[in-house]
Each structure stands twice: as C-alpha cells, then as structure tokens.
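Okay, so here's the structure we're looking at.
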Amino acid sequence: MGLDMYAYAAAKAGQNTEYWESYNFETEKSSVDKPREIAYWRKHPNLHGWMEDLYRERGGEAEMFNGVELELFWEDIEQLEEDITNGRLPSTTGFFFGDNSDDYYRSQDLEFIRQARAEIFTGLKVFYNSSW
C-alpha cells in the first residue's frame, strides 16, 4: 500500500469515473472515452501536499484528500512549476506517503508541467487524483 498519484487529460470533470462505471469487462469497452494519463507518481508526498493545499484554497471540504479529482488550470501549472523549481513544495507526511522525493521526481514533475500545458492549450482539462 502507498500513495499513488495520477494526472490525466480529459474533456470534462468526472470523465474518469464515468469511463470505469460504464466499462464492460467482458467486451473491454466503455461508452465514455478513457482519459489520457499524462503522469503517475508513487509516493511523492510533497507534491500531494501541494495539490491538497490547492484543493483547500478552493474551498474543498473532503475530510481526507484521497480519491478527489482536482482540476488544474493554467495558473496552477505556472505556480507549480515555480514552486518545484524553487524547492517550495510543502513538507507533507502520511502513513502511506513515503519520504521526501522532490529531487527524485524533479525531472518527471517538469515533464508533467510541459505536458499539462500542451493539453490545456489544445482545449482539454487536466486533473490530479490520488489513492492511498
């Protein structure tokens, strides 16, 4: 068990849930297009903390920030890049989160930012979600 984190591009909020809810495992088809995964992290607690802070700033009220779809806007991506570049991700701990992995994921984080910008530029929405 541990902190699994995802970023994906989709046409609308909730598309990931709709995809799996309509998925037929016998035919391996869904009536909804599958969102495109653009990043996956395993135990990157400070990035998760950054996302949770953003969620709370927007008024998010879920007791646990787990399995919550968070849309990332252009301005969020800009701020995230600045915070990663300047080592300002918030120190975050949790039972399943692992240790600080900012240095380990730095290049992957910056690649995610590049891809997220491209997806938003083409008209798609970018979302963050996690499971622990």
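Averaging over all projection directions, the Cα-based convex hull of the range 4-131 occupies 8.4 nm² in the image plane. In the chain, the longest principal axis of the Cα atoms and the axis of helix 74-85 are about 40 degrees apart. The calculated 222 nm mean residue ellipticity attributable to helices in the chain amounts to -12500 deg cm²/dmol, summing -39500 (n - 2.57) over DSSP H runs of n ≥ 4 and dividing by all residues. When the charge dipole of the chain is built from unit charges on Cβ atoms (+1 for Lys and Arg, -1 for Asp and Glu) and taken about the Cα centre, the candidate among Asn129, Phe95, Gln15 whose Cα reaches farthest toward its positive end is Gln15.
Coordinate-derived values only; no laboratory data. Please read all numbers here as calculations on a predicted model, not as lab measurements. Glycine gets a Cβ as well: all are built from the backbone with ideal geometry, and neighbour counts include every protein chain shown.
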